Amino acid sequence: MARHSEGESALNRALGVLDAFSVDHPFLTLSEIARRTDRPISTTHRIVRELASQGLLEVLEDRRYRLGNRLWELGTRTPGALGLREIAQPFLIDLHRRLGQHVQLAVRYDVDALVLDRISTPDAVVNATVVGGHMPLPHTALGLVLMAFGPEGLVEEVVERGLRPPTPAAPQTAEQLQEAVDLTRRRGYAVADGYIFGGSRGIAVPVSGAHEVVVAALGMVVPNDATATRPIASALRRTAAGIGNTLARAYLPAGHPDALPGGASRYLVRSSASSMRFLGQRRR
């Protein structure tokens with residue numbers, strides 16, 4: 001029997017419907033949405049219809065639904081996601097040109113790593129990340145970094161939610177996870193050998209923004225072989241430093257000699273120097 005939604009806010013009900021969609025299930029029928037949200041068809045239909053009227057959901061010809069483009073439009077106004085991705089992208093491209101394989105950027109979302117960007121080559125090793133997708137923190141090098149430099153009590157919360165290791169190589173117990181997090185904190189970078197796929201190795205470092213606060217993790221997925229990890233970690237650190245410096249400059253007060261040009265747009269856009277000057281001169 002579907003659970004009752006008495007006392008639940010309209011916002012929570014709407015978010016529940018949007019959360020029913022995922023990378024693995026981008027198209028859903030009304031019945032599937034109702035089942036995944038554990039709500040009656042009639043209630044689900046009312047919420048879906050309202051979300052569709054606002055462009056947050058779109059109905060296809062076969063009567064399935066997908067997330068609407070308006071969500072993407074709203075997401076592009078998010079400095080913590082798109083703005084970070086825009087600022088980091090030139091650095092990611094440069095790193096990928098030099099090292100190849102998979103280069104990726106992620107931020108913490110609850111007890112998951114939310115992937116903001118990924119650059120790959122056709123002949124690279126197996127990598128399970130998808131841009132916009134979530135990966136449990138204990139399953140990746142990105143996640144180890146976000147736990148090691150995250151808020152106090154995060155590791156305990158992750159353990160309480162359940163580790164669910166995808167392979168025998170991933171941390172199996174709370175003690176193993178804590179050891180991996182402690183090691184990451186001591187040496188300043190994380191290594192995840194075969195956590196998701198035996199032939200792949202994740203290496204990641206923290207990215208700091210203003211006031212040296214860690215805001216993201218920068219990583220690579222490379223072959224899980226005998227190659228030394230330190231040179232890759234060093235390259236990642238240099239790239240992370242460049243991203244962090246540029247990010248900090250984006251948040252300096254306008255008029256500061258080191259502030260990036262672009263006015264309010266500098267939080268969201270990373271474009272040519274002439275474009276940023278133009279955007280900074282615009283008046284609404």
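Quick notes
- Subset of region 129-172 (residues that are assigned to a helix (DSSP H, G or I) and of a type outside the set (A, V, I, L, M, F, W, C)): Pro138, His139, Gly143, Glu156, Glu157, Glu160, Arg161
- Taking the criterion of being more than 23 Å from Asp19 (Cβ to Cβ), buried (at least 17 other Cβ atoms within 10 Å of the Cβ) and either in contact (Cβ under 8 Å) with a residue 40 or more places away in the chain or of a type outside the set (Val, Ile, Thr) (or both), the residues of region 148-164 that qualify are Ala148, Phe149.
- Filter pass, Thr140 being at pLDDT 95 or above, among the polar types (S, T, N, Q) and surrounded by fewer than 15 Cβ atoms within 10 Å (Cβ to Cβ): no
- Restricting Arg108, Arg70, Arg63 to residues that are surrounded by fewer than 13 Cβ atoms within 10 Å (Cβ to Cβ) and either in a strand (DSSP E or B) or not aromatic (Phe, Trp, Tyr) (or both) narrows the list to Arg63.
- Residues of region 41-60 satisfying the condition of being surrounded by 13 or more Cβ atoms within 10 Å (Cβ to Cβ), under 19 Å from Leu11 (Cβ atoms) and not charged (D, E, K, R): Thr43, Thr44, His45, Ile47, Val48, Leu51, Ala52, Gly55, Leu56, Leu57
- The listed residue being under 27 Å from Asp94 (Cβ atoms) and not hydrophobic (A, V, I, L, M, F, W, C), out of Gly162, Gly209, Gly198: Gly209
- Ala235 vs. criteria over 20 Å from the mean Cα position of the chain (by Cα) and assigned by TED's automatic domain parsing to the domain that holds Leu154: yes
- Neighbours by Cβ (under 8 Å, 6+ apart or cross-chain): first from region 33-56, over 13 Å from Leu18 (Cα atoms) and of a type in the set (A, V, I, L, M); second assigned to a helix (DSSP H, G or I) and modelled with pLDDT of 95 or more: Ile41/Leu30; Ile41/Ser31; Ile41/Ala34
- Residue among Leu84, Leu15, Leu67, Leu95 that is free of Cβ contacts under 8 Å to residues at least 24 places away in the same chain, under 19 Å from the mean Cα position of the chain (by Cα) and outside the structural domain of Val207 (by TED's automatic domain parsing): Leu15
So that you can scan it fast, the table gives a plain yes or no per residue for (1) among the hydrophobic types (A, V, I, L, M, F, W, C); (2) in contact with a strand residue (DSSP E or B) (Cβ under 7 Å, 6 or more places away or on another chain); (3) over 21 Å from Leu82 (Cα atoms):
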{"residue": "Leu114", "(1), (2), (3)": "yes, yes, no"}
{"residue": "Thr121", "(1), (2), (3)": "no, no, yes"}
{"residue": "Val125", "(1), (2), (3)": "yes, yes, yes"}
{"residue": "Val130", "(1), (2), (3)": "yes, yes, no"}
{"residue": "Gly150", "(1), (2), (3)": "no, yes, no"}
{"residue": "Ala169", "(1), (2), (3)": "yes, yes, yes"}
{"residue": "Arg185", "(1), (2), (3)": "no, no, yes"}
{"residue": "Val205", "(1), (2), (3)": "yes, yes, no"}
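- Selected residue (criterion: surrounded by the most Cβ atoms within 10 Å (Cβ to Cβ)) from residues of region 111-128 that are of a type in the set (D, E, K, R) and not in a loop (DSSP other than H, G, I, E, B): Asp117
Residues are listed down the side, and each one gets a yes or a no for (1) of a type outside the set (D, E, K, R); (2) in the same structural domain as Asp110 (by TED's automatic domain parsing); (3) at pLDDT 85 or above; (4) touching a Phe, Trp or Tyr at 6+ places or on another chain (Cβ under 9 Å):
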| position | (1), (2), (3), (4) |
| --- | --- |
| Val181 | yes, yes, yes, no |
| Arg187 | no, yes, yes, no |
| Ala264 | yes, no, no, no |
| Arg270 | no, no, no, no |
| Ser274 | yes, no, yes, no |
| Arg283 | no, no, no, no |
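- Condition check for Val107: of a type in the set (Val, Ile, Thr) and touching a His at 6+ places or on another chain (Cβ under 6 Å): no
The values are calculated or read from the model by the stated rules, or taken from the named source; none is laboratory data. Being a predicted model, the structure only gives us computed values, none of them experimental. A quick note on method: Cβ atoms are made from the backbone with ideal geometry, for glycine too, and the neighbour counts reach across all protein chains shown.
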